[in-house]
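Structure, as structure tokens:
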């Protein structure tokens, strides 16, 4: 059974002082760097082809490689993508979404932090032009709240801000996982007229949801769904992969913290 938000916050406060909580307003614009190896091929198409609703399944762990392999797909037996994440005691913190169902496939996106117990991360997307788009995933922690924000270019004049929030609302409940999960709020957008669901308590559009596993979700890490403008493909070619890797990254960070407490 997943631990409560309050427990996570207490563990995080032991690792990082509260005065390091970062404001979403401090997000920088996108950072473009030179191509990495291996070079991505048709990455824009791959990044935008993340299914709007999918599950993340645990596949296997390798003590030699000190990492776990998980699958992205409708079922464990029909994977679309692979993700690798290092085990909590490996000393590494990276998470990789691969262009294929094998861990040797080139990366589509990577999330990592400076240290194993950092609750703030950087994530990198590989573009069709062979460049990398790198953004920050900033954690804001208080006694009763836990939020993770990032900025991303979705086709407007300026990068838009998004924020993952702890939730047990209808978007999370629709995924039929544990009662608590995450909802991704589009801070610079409002709910479209006629939208049946997808509104935060402060009036912003909810563009994705993540449900943590319940007892009957064998071998599942979680369930993920794009909503609203994201499901309609209106947020650009990189949004789906960004939403997915940041959701799994948050789960990974929380898992590291829980593992370190035992």
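Things to note:
- Only listed residue being touching a helix residue (DSSP H, G or I) at 6+ places or on another chain (Cβ under 7 Å) and farther than 24 Å from residue 82 by Cα, chosen from 146, 170, 160: 146
- Filter result for residue 175 (in a loop (DSSP other than H, G, I, E, B), in contact with a helix residue (DSSP H, G or I) (Cβ under 9 Å, 6 or more places away or on another chain) and in contact (Cβ under 8 Å) with a residue 40 or more places away in the chain): no
- Candidates are the residues of segment 88-125 that are touching a helix residue (DSSP H, G or I) at 6+ places or on another chain (Cβ under 7 Å) and part of a loop (DSSP other than H, G, I, E, B); the one that is modelled with the lowest pLDDT is 116.
The values are calculated or read from the model by the stated rules, or taken from the named source; none is laboratory data. Just so it is clear, the structure is predicted and the values come from calculations on it, not from any experiment. Glycine also receives a Cβ, built like all others from the backbone with ideal geometry; neighbour counts cover every protein chain displayed.
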